[in-house]
Every structure is written in C-alpha cells, then in structure tokens.
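Computed from the coordinates by the stated procedures, all read-outs in this text should not be read as laboratory data. Because the structure is a prediction, the values reported are computed rather than measured. Note: ideal-geometry Cβ built from the backbone for every residue, glycine included; neighbour counts use all protein chains shown.
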Amino acid sequence: MDTAFTASHRGGTGTPMVCLHGFTDTWRTWELVLPALESEHDVLAPTLAGHAGGPPLQGELNDAVLADAVERAMDEAGFERAHIVGNSLGGYVAFQLAARGRAESVVALAPAGGWAPDSAAFKETAAYFLRLLDLVTAAAPFAEMVVSTPEGRRTATQEITTNYEHIPAELILHQIRGAANCAAAKQLIAFGSEDAWNLDADKIVCPVRMVWGTADKILPWPSFAVRYREQWLPDADWVILDGIGHCPQLDVPAETAELIRGATSS
C-alpha cells in the first residue's frame with residue numbers, strides 16, 4: 001500500500017480554495033471530497049507544519065507558526081485570498097488566516113479552540129491526544145493488519161467518524177501512520193495552553209459557515225463550541241449534523257462537499 005507523506009495537493013480549476021486538516025492528520029483527509037470541490041475550485045491542500053510530509057516548524061514556536069506556514073504556501077501558489085476550509089486545528093488556523101484578510105470565506109468543521117476559557121477542556125483534550133499518540137505509535141507497525149478487516153477499520157476510525165465502511169483501507173492506513181509520524185505533535189501539545197487559543201474575531205469580516213457533528217468525540221458539541229457561539233462568531237451560519245463525528249469530510253463526504261460548495265459558490 002502507498003502511504004507516502006507529501007507536502008501538499010493541488011488540483012481543479014476555478015476560484016482559489018485552501019483545505020486545512022486537523023491535528024496529527026495530513027492533507028489526505030480531504031481525498032473523499034476533493035473531486036466535488038475541484039469541479040469548482042483551484043484547490044490547495046497543504047500538510048500543516050510539523051506534521052507528516054509538511055514543512056518543519058520554523059523558528060521559535062508561537063501561536064502563529066502554523067498560520068504563517070499556510071500563508072507562505074498560499075503565496076507560493078499565487079493565492080492572495082481564498083475560500084478556506086478547515087477541520088479541527090485546521091479550522092482554527094483558517095480563522096487566524098481570515099483575521100489576516102486572506103479568506104474570501106471560511107467553512108470550519110468542528111474547529112478547535114472554542115471551549116469555554118474557564119473550563120478544563122483544553123487539558124482534557126491535550127491528555128487525550130497524548131494517549132492517542134501512544135496508541136497510534138504502538139499500532140503503526142501493525143497498521144496493515146489492522147485495516148485488513150472491517151473490525152480493525154472500525155476500531156481505527158471510531159474516534160473520528162460514525163460511518164467508516166466507505167473509507168478506503170489505504171487511507172485509514174495512511175492516517176494511522178501519519179499520526180505516528182507527526183514529528184511536532186508533543187511539542188505542539190506542550191506549547192499549547194488555554195491562553196494560547198485566542199482569535200482576533202473582530203477582524204473576520206468574510207462569510208463563515210460552522211459545521212459540527214453531534215456525535216463528535218474529540219471536540220464534543222456543544223460544549224467545545226462555546227466561544228465561537230457566544231463570543232467570537234455568533235452570527236456565523238451554523239450547520240449541525242445529527243449523529244456525525246469529528247471529521248465530516250470522512251464521515252459523510254458527499255454531504256460535506258455540498259455544504260462547502262454551497263458556502264463558497266460565487
């Protein structure tokens with residue numbers, strides 16, 4: 001099975017679009033929605049800095065380092081502005097870019113950072129990812145065996161989707177190995193704190209669509225969306241997907257592609 005890690009994908013024609021994946025993932029999380037998106041957009045899907053296949057983290061670690069790397073990739077692609085789609089950590093980075101004026105619109109799928117500032121949510125999430133990293137590191141040498149059975153594929157995807165039968169085994173294998181090879185994972189977790197998750201929401205003037213699944217196990221709805229709903233982006237277009245997990249682009253790709261296209265059609 002081909003599980004090579006690459007820095008980015010680009011394809012399609014039309015208005016510019018950037019797709020940003022979540023923590024420990026790679027650009028390939030968008031594969032099931034790319035054909036639909038590329039029918040209307042020139043799509044750039046980069047792997048985030050410090051992730052498997054992505055550029056190394058540059059300079060001193062700060063809360064802008066991931067957005068800075070995506071901005072460089074946009075500049076290299078010739079994208080002054082783009083429709084930006086992000087899942088989880090990628091959703092938060094999408095909003096950082098929107099606050100810099102780089103977004104025509106944002107579609108955020110369960111974006112990170114929205115937990116209440118006085119809750120223990122960040123610490124719980126950080127602890128979850130540390131446990132997950134230990135699990136995927138241990139599982140990576142046996143990943144081909146894991147994805148060879150329906151039961152193994154269900155186990156490997158149960159934290160991020162409620163539907164899994166349509167997801168290719170090779171893509172699940174890639175995600176397991178990608179998480180295990182996320183070089184900066186523990187560095188990013190150690191850097192993060194509740195104070196690090198801030199957003200210049202007043203500077204976000206583009207249209208915003210928020211998409212959240214009620215069965216999200218990683219950033220559960222609605223408690224992990226509090227700041228987005230009440231403080232940062234209360235006037236966004238909110239779409240709640242009943243019974244869907246943390247990664248709608250994998251869980252229900254056809255519906256997710258239509259939600260993205262519907263929000264980005266000019």
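Amide H neighbours of K217 under 5 Å, at least 5 residues apart or on other chains, H built in the peptide plane: list them.
Sorted by chain and number, the residues that satisfy this are H246.
Each residue of the stretch 51-60 in order: what ³J(HN,Hα) in whole Hz does its phi give by Karplus 6.51 cos²θ - 1.76 cosθ + 1.60, θ = phi - 60°, with x for Gly and Pro?
Values per residue, Gly and Pro as x: 9, 4, x, x, x, x, 4, 10, x, 5 Hz.
Working from the alpha-carbon coordinates of the stretch 212-266, get Rg over Rh, Rh being the Kirkwood radius.
0.99
Considering only the chain, what is the antiparallel percent among its DSSP beta bridges, to the nearest 5?
15 percent
If one puts a single equal scatterer on every Cα of the stretch 1-150 and applies the Debye formula without solvent, what log₁₀ I(q)/I(0) results at q = 0.09 Å⁻¹?
One equal scatterer on each Cα of the stretch 1-150 leads to -0.31.
Count the net charge of all other residues whose Cβ sits under 15 Å from the Cβ of A215, scoring Lys and Arg as +1 and Asp and Glu as -1.
On the way: positive: R154, K217; negative: E159, D216, D242, D251, E255.
It works out to a net charge of -3.
Classify the chain as rounded, prolate or oblate, taking a ≥ b ≥ c as the square roots of the eigenvalues of its Cα gyration tensor: rounded when a/c is under 1.5, otherwise prolate if a/b is larger than b/c and oblate if not.
It is rounded, given that a/c, with a ≥ b ≥ c, falls under 1.5.
Show that you can apply the helix-only estimate: for the chain, add -39,500 (n - 2.57) for every DSSP H stretch of four or more residues, divide by all residues, and state [θ] at 222 nm to the nearest 500.
The per-residue figure over the chain is -10500 deg cm²/dmol.
Taking amide hydrogens as modeled 1.01 Å from N in the peptide plane, which residues meet the under 5 Å criterion relative to W238, leaving out close sequence neighbours?
For W238, whose amide H was placed from the backbone, the distant partners under 5 Å are M210.
K186: which lysines have alpha carbons under 23 Å from its alpha carbon, excluding same-chain residues fewer than 8 sequence positions away?
Candidates past the 8-residue exclusion: K123, K217.
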